[in-house]
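Participant: Below is a structure I'd like to ask you about.
Where a number appears in this text, it was derived from the coordinates with a stated rule and is not lab data. As the structure is a prediction and not an experimental result, all values here were calculated from the model. Please note: Cβ atoms are built from the backbone with ideal geometry, for glycine as well, and neighbour counts cover all protein chains shown.
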Amino acid sequence: MGSITLETGAGTEFIDITDRVEEAVREAGVQEGLAHIFTRHTTAAVFVNENEAGLLEDYGELMERLVPRGAGYKHDRIDDNAHAHLRAVLLGPGKLVPVSGSRLQLGRWQRVFFAEFDGPRRRECMVQVISL
Ligand code: ZN
């Protein structure tokens with residue numbers, strides 16, 4: 001099992017972790033299988049999509065539209081970060097990516113992202129490679 005540690009720098013941030021996931025997959029020594037990229041945080045998520053400057057802003061604006069901060073959430077009575085939990089719920093804590101030849105089988109424009117919704121924080125993301 002590999003592990004990626006991240007220091008996020010903003011409240012909402014999308015960090016491309018593809019190269020570090022690839023490294024963990026190589027270290028696992030699995031030729032054919034699945035990489036499970038999973039974060040054990042309740043205000044962060046993992047997703048796969050394109051790393052393009054405009055899209056990085058669009059992801060953030062989408063989340064702001066869907067789950068605006070401070071919109072009367074009950075959790076804000078105790079923690080003031082309900083928006084971060086709810087945004088994480090939309091994306092989920094993990095993704096499975098096929099592995100072949102010890103490489104992630106991503107599409108040409110696909111990258112693996114760690115989504116921070118309650119930063120800045122120190123975060124961890126697990127990479128477990130399952131041999132098939
Ligand atoms: Zn909370």
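Participant: Inside the range 43-57, can you point out the residues that are assigned to a loop (DSSP other than H, G, I, E, B) and crowded, with 17+ Cβ neighbours inside 10 Å?
Facilitator: Across the range 43-57, the qualifying residue is only T43.
Participant: With the range 2-42 as the region, which strands (runs of 3 or more DSSP E) entirely inside it contain at least 2 residues that are within 20 Å of Q110 (Cα to Cα)?
Facilitator: Hits in the range 2-42: 13-16, 32-38.
Participant: OK, next. May I ask you to list the residues in the range 83-105 that are closer than 16 Å to T43 by Cβ and without any contact (Cβ under 8 Å) to a residue 12 or more places away in the chain?
Facilitator: Result: V89, single match.
Participant: For the range 9-21, check the following and say yes or no: at least one residue is of a type in the set (D, E, K, R), surrounded by fewer than 17 Cβ atoms within 10 Å (Cβ to Cβ) and under 19 Å from R121 (Cα atoms).
Facilitator: There is at least one residue in the range 9-21 that is of a type in the set (D, E, K, R), surrounded by fewer than 17 Cβ atoms within 10 Å (Cβ to Cβ) and under 19 Å from R121 (Cα atoms).
Participant: In the range 39-54, which residues are under 8 Å from the mean Cα position of the chain (by Cα) and farther than 22 Å from V67 by Cα?
Facilitator: none
Participant: Sticking with this structure for a sec: Grab the strands (runs of 3 or more DSSP E) fully contained in the range 58-132, keeping just those with 1 or more residues being within 16 Å of the ligand (Cβ to nearest atom).
Facilitator: In the range 58-132, 111-116, 122-131 are the strands (runs of 3 or more DSSP E) which contain 1 or more residues that are within 16 Å of the ligand (Cβ to nearest atom).
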